[in-house]
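Down below is the structure, laid out as structure tokens.
The values are calculated or read from the model by the stated rules, or taken from the named source; none is laboratory data. Small disclaimer: the values here were computed from a predicted structure and weren't measured. Positions of Cβ are backbone-derived with ideal geometry, glycine not excepted, and every protein chain shown enters the neighbour counts.
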2 protein chains.
Amino acid sequence: MTAYESLCHLAQEIALLASTSSILGWDQETYMPSKALDHRARQLSYLSAKSHALATGKPFRKALERALKDGETRGSRNAANLREWEYELQRASRIPTALVAEESNITTHARHAWVEARKNSDFGIFARHLESILKIARRKATLWGYADEPYDALLVGYERGARTRSIARLFNQLQPSLASIAKNAVIKSRHVPKNLLKGKYPIAKQQQLNAEIAESIGFDFQAGRIDTTTHPFCTTLGPQDVRLTTRYDQTDFTSSLFGVLHEAGHGLYEQGLPAAEFGCPSGTAVSLGIHESQSRLWENHVGRSEAFWKRWLPRAAELFPNLRKLSLEDFLAAIHRAEFSFIRVEADEATYDMHILLRFNIERQLLNGTLSVTQIPEAWNDQFEALFGLRPPDDAHGCLQDIHWSLGGLGYFATYTLGNLNAAQLYAQASQDRKIHSSLNSANYGPLLAWLRFHVHSRGSTLLPNELMKKATGQGTDAAAYLDHLSKRFNSSTGNRRARK
Amino acid sequence: MTAYESLCHLAQEIALLASTSSILGWDQETYMPSKALDHRARQLSYLSAKSHALATGKPFRKALERALKDGETRGSRNAANLREWEYELQRASRIPTALVAEESNITTHARHAWVEARKNSDFGIFARHLESILKIARRKATLWGYADEPYDALLVGYERGARTRSIARLFNQLQPSLASIAKNAVIKSRHVPKNLLKGKYPIAKQQQLNAEIAESIGFDFQAGRIDTTTHPFCTTLGPQDVRLTTRYDQTDFTSSLFGVLHEAGHGLYEQGLPAAEFGCPSGTAVSLGIHESQSRLWENHVGRSEAFWKRWLPRAAELFPNLRKLSLEDFLAAIHRAEFSFIRVEADEATYDMHILLRFNIERQLLNGTLSVTQIPEAWNDQFEALFGLRPPDDAHGCLQDIHWSLGGLGYFATYTLGNLNAAQLYAQASQDRKIHSSLNSANYGPLLAWLRFHVHSRGSTLLPNELMKKATGQGTDAAAYLDHLSKRFNSSTGNRRARK
């Protein structure tokens, strides 16, 4: 066996363990009975310890050293794998095992405290835990090292090759335009009745429609499925096993449907990764910003388009009689309705990114030490008011709403907006192809998917995210296509028209 | 850490891996998409190799040696654990790893071949594979060693401490009585219309009833659940996580219900094992013959009794209007209806064991070399005809119907009838308690469950199966209680009455 082959072998073994953990995690969210939690936690911690030991152990190090010395990297995919393995090993090795264990212990308790704090809207319950998490995040940043500021070191864990400075520049450039688009969209939406779609939507029929639509965009149900959870997600249990989840609102079918389109977008990416390279970087999604581009592309660019609903509204009306009186125009007005609101995960397309900009600022200040944990609630509310013109009534509707910090996920939020930018840019590029453009108009999603398979999915992590964007669209992640998309959507005649009662 | 503590620690680690495999197996049967099979197989084989290595590895051996030398076995539970660990290690060590791998490979292919063979009712497709399986079984029997005949060595893998000779004696003693009871039951059942219960039973309502009943007998849904599979089973994913499955016939609710009662009987046993000793013999079910006694006790002794349906028929009739016209008497006649049939898993209580006696004879002859694989179809059909007075029309209805041999499960079938005997014996003993007896009459199952918790579940594997029976009932597994039960059920006035149309 060559050194490179040994590395593949070890990487596959690590992936086998990691995908086993994923099954345990999926079951925990979907079907596991409540009393099983303790044993499940033991299983998960056992498996992650085993896979961490393999990933940083001597056999892996030695094989990597030999492979790098051999220079036996036929083809760019192998070279990319070596590059990523070296990068990951360096990063993993800088964190002592004791710190990993300490963090796992702190976040287990922090997650509990966060649930309590949010329930009681009492930041005090969570503050002490967040202090510890922040302390660990800063220690990790120091151990990893960074170019400009500590946030860099955390960010690259989610978005390989990203720089905080560049993202801040991009976000600053976006902010005034986003604010103006959002404001206009909200003003126009006042004419659209809030409950235009409210009705009776039996879950079984929602599931039927969701499955038909997921299948039509290319999701392979022989290599995946959809289940029900409180918080929708997508997880990969193996190279041919991608599980989506959604939740159902029996008074509005679009809630589960857009959830499924979003998660199926993630799922198509995972199903499109080279299965034979499962476990190697070349068979693994490259970053959260690229992952989110796939979910947002199918959810917003495809799923909220006029062409899409020209095809699917009649089918939806077959299943849900109360839609029969609704015109396509009114339906589109309803799903493009914008509103300033406190909760990120319920935000519409026009206002969503302002929630992200806020979080990015707060996190950066925390890591730079210019904001202390105890100052968060006030800073959050002030900044929220400046952006949205509303002040959160309590911390549950403010700085306590998201789970991320309690899990140690500092530096994660920025990737949501990167995902929106990438989605718009990739969609605009793909749509320049006449065949794709016209096939979308006839609700044929095969050509678009094929384009994404080639330019995004098949690449795995062989290119860094920004290189992938350059190769696919001619330039790195940029704001232009996204602003163009939002302007068209929220200044278009459809958005402008008054919905009939 | 003492040597005994090290052993506990290692046993828990093995159990952690084994329970992880169980989750993977459960998901494979319930929700896994079809294309995921290859990766799942790799995960399962990886995990079983790891746990086999731990179970036969040097640390385990050394710790066991030290613990046995120390004699530091405070309490009989610890002594029982040492006894079982020593036994298991000796057995596992006699089988070379290469043979384990060879068997796994052969059975993977044999299972495929069996599916094909059964579908086409062509024994020839399966014969060659069964030859290999038989060869391996005989090799294993030789390696393990046995007192009287090779069947002994296989049997004890399922029924610790059992002897083929004793079982044969028991079965020979049973056979004439069973045959006569079955014949009478079938003759009497001719007066009971076959489709007395046929109707429309929506799955959601069956699930509702099944859950109510499972809960009423004590199944803890916070530590377990029920899903749907083609072949019902019960599996334990952790000390507080027991998963049952059933299948639904929309024209007859009793099919899923008796399935759930059966599997919940297994589940109650698993939920009643001492959770703190999970992974140790003292926290593990002792044998298949005891396990099956728990499922049969709840399915047949409780679940097919008059007292049970006095309570539950009115509830069933609330959910299923077509039952409203049916008297309790007629309902009981319907669920006690007996018929000679070809398929074991569809057989009724009166004829079931004759299917087992047949298989026990055939397997024993195969292992003793007095019957060759190619002779099976004819031998099966001849023996079936002698027992049932019918000849199977083809091998799918004969020697190809069961999956067990294709999985390498030779020596397993006998435990089904042992389970029936044990169930009757335990139930008769428990019912002598006045409180239990009267509580069953008012559909209160708590006292019976408490009795089983004490006499069976809490013991884990601290007693050998026959010792457990002796301690619980005053004697080892015996035919008397079961024959008494069958005679009462199938000669009783209820069974005798002619059902009104």
Problem - Matching option when the condition is under 16 Å from the mean Cα position of the chain (by Cα), farther than 22 Å from residue B:215 by Cβ and among the hydroxyl-bearing types (Ser, Thr, Tyr), among B:251, B:236, B:284, B:246 - result: B:284
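Residue-wise test of (1) aromatic (Phe, Trp, Tyr); (2) part of a helix (DSSP H, G or I); (3) out of contact with any Leu (no Cβ under 9 Å at 6 or more places or on another chain).
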{"site": "A:402", "(1), (2), (3)": "no, no, yes"}
{"site": "A:426", "(1), (2), (3)": "no, yes, no"}
{"site": "A:430", "(1), (2), (3)": "no, yes, no"}
{"site": "A:439", "(1), (2), (3)": "no, yes, no"}
{"site": "A:452", "(1), (2), (3)": "no, yes, no"}
{"site": "A:462", "(1), (2), (3)": "no, no, no"}
Handout entry: Filter result for residue B:217 (under 24 Å from residue B:318 (Cα atoms) and within 14 Å of chain A (Cβ to nearest Cβ))
Key = no
Exercise for the section: Return yes or no: is residue B:271 more than 14 Å from every other protein chain (Cβ to nearest Cβ) and among the polar types (S, T, N, Q)? Expected result: no
Problem - Failed criterion for residue B:373 (all others in (1) touching a Leu at 6+ places or on another chain (Cβ under 6 Å); (2) β-branched (Val, Ile, Thr); (3) under 23 Å from residue B:488 (Cβ atoms) hold) - result: (3)
Completion exercise
Restricting segment B:98-132 to residues that are part of a helix (DSSP H, G or I), farther than 21 Å from residue B:368 by Cβ and of a type in the set (Asp, Glu), the one modelled with the highest pLDDT turns out to be B:116
Exercise for the section: Looking only at segment B:283-293, decide whether some residue is over 30 Å from residue B:79 (Cβ atoms) and touching a residue at least 24 places away in the same chain (Cβ under 8 Å). Expected result: no
Practice task
Any residue in segment B:34-60 that's free of Cβ contacts under 8 Å to residues at least 40 places away in the same chain: show its pairings with residues that are among the β-branched types (Val, Ile, Thr) at Cβ separation under 7 Å, as long as the two are six or more apart or on different chains.
Solution key: B:43/A:20; B:47/B:20; B:51/B:14
Practice task
Test residue A:98 against the stated conditions and say whether it is among the aliphatic types (A, V, I, L, M) and more than 14 Å from chain B (Cβ to nearest Cβ).
Solution key: yes
Fill in the blank from the handout: Only one of (1) more than 13 Å from every other protein chain (Cβ to nearest Cβ); (2) closer than 24 Å to residue B:419 by Cβ; (3) surrounded by fewer than 22 Cβ atoms within 10 Å (Cβ to Cβ) does not apply to residue B:282, and that is (3)
Practice task
Determine if segment B:384-404 includes at least one residue that is crowded, with 20+ Cβ neighbours inside 10 Å, within 28 Å of residue B:270 (Cα to Cα) and of a type outside the set (A, V, I, L, M).
Solution key: no
Practice task
Inspect all residues belonging to segment B:444-460 and state whether any of them is without any contact (Cβ under 8 Å) to a residue 24 or more places away in the chain, aromatic (Phe, Trp, Tyr) and surrounded by fewer than 24 Cβ atoms within 10 Å (Cβ to Cβ).
Solution key: yes
Practice task
Using the structure shown, decide if residue B:311 is crowded, with 22+ Cβ neighbours inside 10 Å, among the basic types (Lys, Arg) and touching a residue at least 40 places away in the same chain (Cβ under 8 Å).
Solution key: no
